[in-house]
Each structure stands twice: as structure tokens, then as C-alpha cells.
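These notes are about the structure you will find just below.
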Amino acid sequence: MSRPTLRTIASVASVAALAAGMAACSSPGSSSGSAAGSGASASNAAAASGLPTVTLMVGGIDKQIYLPYQLAQDLGFYKKYGVNVQLSTEQSGGVGAETAMVSGQVDMAGAWYVHTIDFQQKGKNVVDVVQLSGAPGEREMCGTSSGVTSPAQWAGKSVGVTDIGSGTDNLTQYLAARNHLTTKEYTRVAVGAGPTFVAALQHDRIACGMTTQPTVNAIEKQGIGTSVIDLATTSGAQQWLGGAYPAAGVLARADWVASNQATVQKVVDALVATMHWINTHSAADIANAMPPAFVSNGLTTKADYTAALAQDKGQFLADGMMPASGPATALAIDKLAGNVTGTVNLASTYTNQYAIAANKLEGFTK
């Protein structure tokens, strides 16, 4: 995999511009607007005030499953809780957020909890410091002409994942194994998300693929495919995965966390406040707070973005706490997918200490 230079996104303006660039066929009316200017001002003010700075790369910052990281920025919560967070996003075909974090290119990664287990298998100690979702937020979309309605029908076909080794790759292997298919009986293809995913399904490069909103909505609106497996809701995770599945969280190297505990606490304070905000506000409120280019572009209209978010909003955890059974569920899935060959110390892969403190700060007892 090529490793392009990481592009730090220090303001809402540049993040919105990135999202607009990713949607090349964006409607002429979409704009980054005044929210971009206020985000840039907040970032500059934070830097000038001498607040600690944290670099955080997200595994697709314009995906709905990852919206809390950007929302915290737009609400001004990072600055409010005393930290300057510089957001960036992984690029399709480029270095993954979790890889950038473990190699020291960024301090933190907005990525799935399961990577902590995978890294431990490789001798690297990574910890999840706050958990944002209890379901993957994904759907398995199958082409309308594929005839596929179950993973059991993947034999001999190509199946799309975000990237090889990604969380969607793990879940795809698990669903296949649960339906008695080995990885030799079907082909996994890295197709990213957004326009690249849509094109792969449209041109039959893949029969099915796992993706999130707003890509799901774009596929359905264009009549290219339908949702066969729902992993976007807690009920869907229970049906297909056997329980709550901790997906989006904040991962960091354990040694970095140990050396920066006060700064880690500030980041978690901001994100836990954001999760409570999400829990007490409507999908429309959330969409209105996001950069305009995230919610209205070549993939989705703001109305469709809002409707999809209303449907899947339950994936987000209000308190930032790791679900009690979540780590064991993730480990069982990783094992069946064939990604775990040794012993795993689950207790060292996550901590609730920062989320507990953050909830107390917000007036919620944990």
C-alpha cells in the first residue's frame, strides 16, 4: 500500500473542502459556508491560547459512523475542554488511521476498537480510551442484478470492503465463516467508500460490499443495490453479530496515553460531551451542526442525510463507555474470521477511566 503524505486538517474549512473534493459530482449549490470560518477561528484561537495540541486521524471523516469527531470540533467542545485537536482523514488507498497512529504519524486514531486486538497480536500495545458506538453502522449492499440475499451466496463472487485489514474486512470474513465459507471461496476487494464504492457496485466489480451512510443512501437512491444485512443498528448487531459490537472509538498507543493522561482526559471530556449532545438532539439538529459539504454533496442531499441519520442514530453511545460484552463479542468475531491465533488480554485493550471521569464532569454518575 502506498503511503502518501498525511494532510492535516486543522479547521472545519479544510475538512469541508476535502469532503467536497471527494464528491466530484457535487451539486453546484453546496457550500462550506460560514461554519468553516468559525471553525478556523476556533482552531487559531486554541493554538494561540497555548492549549495542548493533539493530532487525530479519522477513518473517513465524512462518514456518518464517524461524525462525532467532527461534530465535537464544530460545537467548539475541544476548545471548551482545553485541547486543540487537529483532525485529518485517511484517503482511499492510503495509510489507514490506525496505522498512522501506531507508527507515530498522528497521536490518536478515530477507528474501530477491534484494531486494538489485532495490534496486540502483533506485539503493539494500543488502547481504546473512549467508545463512541455500539454497532458497526454498516450495511451489506448487494447489486440489484446479483441475486445475492445472504453471505452463503458469496461463493465464487467478489465482495467489497473498505480496505484489506479494515474493520469491514474483519466483519466480512466473519459473516462468510458463519455461513461456512473460507476466504478461498470468495474474493475480497478494497473499494473504499463513497464514489469508489458506488462505481464498483454499479460496474459489477463486486456483487456485494459493506459500507455506511451516506454511501448506502446513494446506492438505494440510484437503484444500484439493496441492503441485505443491517449492522447499522444495535438490533442488527444483535441479530448478525450476537451482541453489541464496539466500532468507532478513539485509539492511541498505550505509552503515549501514559505520558499524556491530562491531555487524553480533555479529548475524552469533549467527546463524551458530544455524545450526550447527540443523544439529546435530533438528526436534523446534528445535520445542521455539521459542515455543509458533509451533508449535501454528490452522494446525498441534506434531507436524505438527515433521514438516514435518524434511522441509524441509535448506534451512538450516550456515555462513551465500552459496552460490557463488547470486547468479548469483538474478540469472538475476530477469532472466527481467522485473525486471532494467540492469547489476547482484553483488559489491556480499552479503559473506561477517562469516560467515567468525563461523565462525572458532565453531571452523570458512572
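The values are calculated or read from the model by the stated rules, or taken from the named source; none is laboratory data. Small disclaimer: the values here were computed from a predicted structure and weren't measured. Note that each Cβ is placed from the backbone with ideal geometry, even for glycine, and that neighbours are counted across all protein chains shown. Side chains are part of the model used for accessible areas, which takes the heavy atoms of the whole protein and leaves out ligands, DNA and RNA. Shrake-Rupley method; radii C 1.70, N 1.55, O 1.52, S 1.80 Å.
Note on region 296-317: among residues that are under 15 Å from Y245 (Cα atoms) and open to solvent by less than 20 Å² (accessible area, probe 1.4 Å), the one that is nearest to the chain's Cα centre (by Cα) is Q315. Only one entry of A252, A244 meets the criterion of being more than 30 Å from R205 (Cα to Cα) and either in contact with a strand residue (DSSP E or B) (Cβ under 6 Å, 6 or more places away or on another chain) or of a type in the set (K, R) (or both), and that entry is A252.
Any residue that is more than 30 Å from V106 (Cα to Cα) and open to solvent by 50 Å² or more (accessible area, probe 1.4 Å) - is there at least one of those in region 247-264? The answer is no, given that none of the residues of region 247-264 is more than 30 Å from V106 (Cα to Cα) and open to solvent by 50 Å² or more (accessible area, probe 1.4 Å). Just wondering, is there one or more residues in region 34-46 that are more than 29 Å from G134 (Cβ to Cβ), loosely packed, with under 15 Cβ neighbours inside 10 Å and modelled with pLDDT of 80 or more? Within region 34-46 (the criterion being more than 29 Å from G134 (Cβ to Cβ), loosely packed, with under 15 Cβ neighbours inside 10 Å and modelled with pLDDT of 80 or more), the answer is no, since none of the residues qualifies.
May I ask you to verify whether T274 is surrounded by fewer than 23 Cβ atoms within 10 Å (Cβ to Cβ) and either in contact with a Leu (Cβ under 8 Å, 6 or more places away or on another chain) or in contact (Cβ under 8 Å) with a residue 24 or more places away in the chain (or both)?
Details: surrounded by fewer than 23 Cβ atoms within 10 Å (Cβ to Cβ): no; either in contact with a Leu (Cβ under 8 Å, 6 or more places away or on another chain) or in contact (Cβ under 8 Å) with a residue 24 or more places away in the chain (or both): yes.
No.
Given the criteria more than 29 Å from N84 (Cβ to Cβ) and either touching a residue at least 12 places away in the same chain (Cβ under 8 Å) or surrounded by 15 or more Cβ atoms within 10 Å (Cβ to Cβ) (or both), does G320 qualify? Here the answer is no, as G320 does not meet what is asked.
Condition (residue is open to solvent by 50 Å² or more (accessible area, probe 1.4 Å) and within 24 Å of the chain's Cα centre (by Cα)) applied to region 147-159: is it met by at least one residue? No, that holds for no residue.
Which count do you get for residues in region 73-84 that are part of a helix (DSSP H, G or I), open to solvent by less than 10 Å² (accessible area, probe 1.4 Å) and of a type in the set (A, V, I, L, M, F, W, C)?
Narrowing region 73-84 to residues part of a helix (DSSP H, G or I): 73-74, 77-80.
Restricting the remaining residues to those that are open to solvent by less than 10 Å² (accessible area, probe 1.4 Å) gives 78.
Those still in the list that are of a type in the set (A, V, I, L, M, F, W, C) too: none.
Residues that pass the stated criteria total 0.
Which residue, of A218, A199, is assigned to a helix (DSSP H, G or I), at pLDDT below 95 and closer than 23 Å to S145 by Cβ? Unique residue meeting the criteria: A218.
Put simply, of T233, T226, T215 the only residue that is buried (at least 20 other Cβ atoms within 10 Å of the Cβ), in contact with a helix residue (DSSP H, G or I) (Cβ under 9 Å, 6 or more places away or on another chain) and touching a residue at least 60 places away in the same chain (Cβ under 8 Å) is T215.
Selection over region 167-191 of residues that are part of a loop (DSSP other than H, G, I, E, B) and surrounded by fewer than 24 Cβ atoms within 10 Å (Cβ to Cβ) gives a count of 5.
Could you tell me whether any residue of region 59-72 is at pLDDT 95 or above and part of a strand (DSSP E or B)? The answer is no, given that none of the residues of region 59-72 is at pLDDT 95 or above and part of a strand (DSSP E or B). The set of residues in region 332-341 that are open to solvent by 20 Å² or more (accessible area, probe 1.4 Å), assigned to a helix (DSSP H, G or I) and in contact (Cβ under 8 Å) with a residue 40 or more places away in the chain comprises A332, L336.
Looking across region 85-136, just one residue is part of a helix (DSSP H, G or I), charged (D, E, K, R) and crowded, with 24+ Cβ neighbours inside 10 Å, and that is E98.
For R139, the requirement of being of a type in the set (D, E, K, R), open to solvent by 10 Å² or more (accessible area, probe 1.4 Å) and modelled with pLDDT of 95 or more is met. Residues in region 236-290 that are under 22 Å from Q311 (Cβ atoms), small (G, A, S), assigned to a helix (DSSP H, G or I) and modelled with pLDDT of 95 or more: A283, A284, A287, A289. Taking (1) touching a helix residue (DSSP H, G or I) at 6+ places or on another chain (Cβ under 6 Å); (2) farther than 24 Å from C208 by Cα; (3) crowded, with 24+ Cβ neighbours inside 10 Å in turn, L67 satisfies each apart from (1).
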